[in-house]
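Data block below; observations after.
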Amino acid sequence: MSTAISKWIEGHSMDLSLVQCLNKQSRSVVCDKCIGGCPTNALQLNNKSEIDFLKEQCLYCGKCVSDCSVLAFDFISKPYTKTIKQMTAYPNSSITCEQFEKYQKGIKVPCYLHLDTAMLIHYVTVNRKLPTDHQNNMIVELYIGSCESCPQNKHIYISVQDHLTQIQEWFDQVGMAIKIVVSLDDKHYFSKIDEEAADGITRRTLLKSLAFNFFKRTEEQEIETKDTAPEQLNVKGKFKYKRELINQGFTLFQDQVENNCNVLPHSDFAMVKKKEPCTHCRICEKICPTKALIWEDNNSNSTLNFFPQKCIACRRCESCPMGSISVLPISAYDYIHTNKQQIAELITGRCIDCGDSIRSLGDTQDLCPICIKKREIAQSLFDRL
């Protein structure tokens, strides 16, 4: 019974995974979106380039979840993936804030600050009954009347409007035909007779939840469904999850995006080029969180390939010790039509001393770097005799 009660009274609690953070194992700060976006400065960067989470200042609005491209932040009680699954299961449902307590149907989010481009793209992709305007933009209507009565009004009311404006500017720059419309009129929500509650919590269900028998039954159901509960995303899965949702939008709005002459937002999209000779240290491949940079070996050569549709523009690859990597803007057309781009090519061979594979720019080379160093040391010792 205690488990069921704790779930009911827990409310929202936030989880921060420092291992998931893009600044982890980076030479410098590569991302600080969450710090700049937090409405109460509950997030700070310490001298180790790690995020300090001041929970006593947190409003649990979800702005950090929407700002983070790799889900280093997430709600424990209602993870990001759960909201996405609800959108898939209830494709024609409306989205409302939890402060809109009079309406308990549809899909509930803790705050509209929790919404981001990836989530709204998925919502539009699965929702086939959204109205369109005269320019064929798919309209996403959000009721913000409850924002004025929100207990955290002084912190987030203006931020919500700014946040939705920023998302709209992103859609416009990318060329996706999505239009966010905010409304202060809630009357039409109550005419949606067939709409279900995605969370399964109505006023009647809430009253039932206070009964002892409900908690007892919940525990029994928990035991029965424990083995069939969906698995949480692992670290690698979180790195690419939002990008895969965004790519759905490029497929849905391909015609509009192809005609878009704008450069894609540099904070989310990039093209990687080589500016200096590559030594095949493979550091760029190892530190790329989404496997957008991959070395592929053939019989006679080895190529470094870049996959734009996997890149989240974290700029980790600029940590290349040789300074070989350059991160540049990318157009919408190139993003759609470039499956992979060859960045570097090296000739493969075998070291005559140790037999390990070696790669060179085409010059005659029959020793690997380690064996070259060994010979240099041996020669130095011999010269001293």
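Which of (1) part of a loop (DSSP other than H, G, I, E, B); (2) farther than 22 Å from Thr290 by Cβ; (3) of a type in the set (D, E, K, R) does Asp52 not meet, given it meets every other one?
(1)
Regarding Leu59, is this residue aliphatic (A, V, I, L, M), at negative phi, part of a helix (DSSP H, G or I) and out of contact with any strand residue (DSSP E or B) (no Cβ under 6 Å at 6 or more places or on another chain)?
Considered against the rule, which asks whether it is aliphatic (A, V, I, L, M), at negative phi, part of a helix (DSSP H, G or I) and out of contact with any strand residue (DSSP E or B) (no Cβ under 6 Å at 6 or more places or on another chain), Leu59 comes out as no.
Is one or more of the residues making up region 360-376 within 30 Å of Tyr241 (Cβ to Cβ) and touching a strand residue (DSSP E or B) at 6+ places or on another chain (Cβ under 9 Å)?
Scanning region 360-376, I find no residue that is within 30 Å of Tyr241 (Cβ to Cβ) and touching a strand residue (DSSP E or B) at 6+ places or on another chain (Cβ under 9 Å), so the answer is no.
Let's see how each residue does on (1) of a type in the set (Lys, Arg); (2) touching a Leu at 6+ places or on another chain (Cβ under 8 Å); (3) under 18 Å from Gly175 (Cα atoms):
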{"site": "Leu233", "(1), (2), (3)": "no, yes, no"}
{"site": "Lys240", "(1), (2), (3)": "yes, no, no"}
{"site": "Glu244", "(1), (2), (3)": "no, no, yes"}
{"site": "Asn247", "(1), (2), (3)": "no, no, yes"}
{"site": "Glu258", "(1), (2), (3)": "no, no, yes"}
{"site": "Glu276", "(1), (2), (3)": "no, no, no"}
{"site": "Lys286", "(1), (2), (3)": "yes, no, no"}
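For region 109-138, how many residues are touching an Asp or Glu at 6+ places or on another chain (Cβ under 6 Å) and closer than 19 Å to Asp185 by Cβ? Break it down into steps so the answer makes sense when it comes.
Step one: list which residues in region 109-138 are touching an Asp or Glu at 6+ places or on another chain (Cβ under 6 Å), which gives 110.
With the extra rule that they be closer than 19 Å to Asp185 by Cβ, the set shrinks to none.
Total satisfying the criteria: 0.
Among all residue pairs at least 6 apart or on different chains, which show Cβ distances below 8 Å where the first residue, located in region 150-163, is buried (at least 20 other Cβ atoms within 10 Å of the Cβ) and the second is assigned to a helix (DSSP H, G or I) and at pLDDT below 70?
If the second residue must be assigned to a helix (DSSP H, G or I) and at pLDDT below 70, the pairs left are Cys150/Ile156; Cys150/Tyr157.
From Asp15, Asp74, Asp52, grab the single residue that is of a type in the set (D, E, K, R) and in contact with a helix residue (DSSP H, G or I) (Cβ under 9 Å, 6 or more places away or on another chain).
Asp74
Counting just the residues of region 291-312 that are surrounded by fewer than 21 Cβ atoms within 10 Å (Cβ to Cβ), under 19 Å from the mean Cα position of the chain (by Cα) and part of a loop (DSSP other than H, G, I, E, B), which one comes out modelled with the highest pLDDT?
Phe307
If Ser267 meets every condition in (1) part of a loop (DSSP other than H, G, I, E, B); (2) surrounded by 20 or more Cβ atoms within 10 Å (Cβ to Cβ) apart from one, which number is that one?
(2)
Would you tally the residues in region 59-95 being over 19 Å from the mean Cα position of the chain (by Cα) and crowded, with 17+ Cβ neighbours inside 10 Å?
The qualifying residues number 5.
Only one of these conditions is not met by Cys150: (1) in a loop (DSSP other than H, G, I, E, B); (2) at pLDDT below 60. Which number is it?
Cys150 satisfies every listed condition except (2).
Residues in region 102-139 that are assigned to a loop (DSSP other than H, G, I, E, B), free of Cβ contacts under 8 Å to residues at least 40 places away in the same chain and either hydroxyl-bearing (Ser, Thr, Tyr) or touching a helix residue (DSSP H, G or I) at 6+ places or on another chain (Cβ under 7 Å) (or both): how many?
Our first condition is that a residue be assigned to a loop (DSSP other than H, G, I, E, B); within region 102-139, this holds for 102-105, 110-111, 115-116, 127-131, 133-137.
Applying the additional criterion that residues be free of Cβ contacts under 8 Å to residues at least 40 places away in the same chain yields 128-131, 134.
Those still in the list that are either hydroxyl-bearing (Ser, Thr, Tyr) or touching a helix residue (DSSP H, G or I) at 6+ places or on another chain (Cβ under 7 Å) (or both) too: 130.
Summing the residues that are assigned to a loop (DSSP other than H, G, I, E, B), free of Cβ contacts under 8 Å to residues at least 40 places away in the same chain and either hydroxyl-bearing (Ser, Thr, Tyr) or touching a helix residue (DSSP H, G or I) at 6+ places or on another chain (Cβ under 7 Å) (or both) in region 102-139 gives 1.
Conditions: (1) among the aliphatic types (A, V, I, L, M); (2) in contact with a helix residue (DSSP H, G or I) (Cβ under 8 Å, 6 or more places away or on another chain); (3) surrounded by fewer than 15 Cβ atoms within 10 Å (Cβ to Cβ). Leu367 meets all but one. Number of the miss?
Every listed condition holds for Leu367 apart from (3).
Suppose the filter is in contact with a helix residue (DSSP H, G or I) (Cβ under 6 Å, 6 or more places away or on another chain) and without any contact (Cβ under 8 Å) to a residue 60 or more places away in the chain; does Thr88 pass it?
Judged against the criteria, Thr88 is a match.
The values are calculated or read from the model by the stated rules, or taken from the named source; none is laboratory data. Remember, it's a predicted structure, so these values are computed and weren't measured experimentally. Quick reminder, even Gly has a Cβ in these numbers, built from the backbone with ideal geometry, and neighbours come from all protein chains shown.
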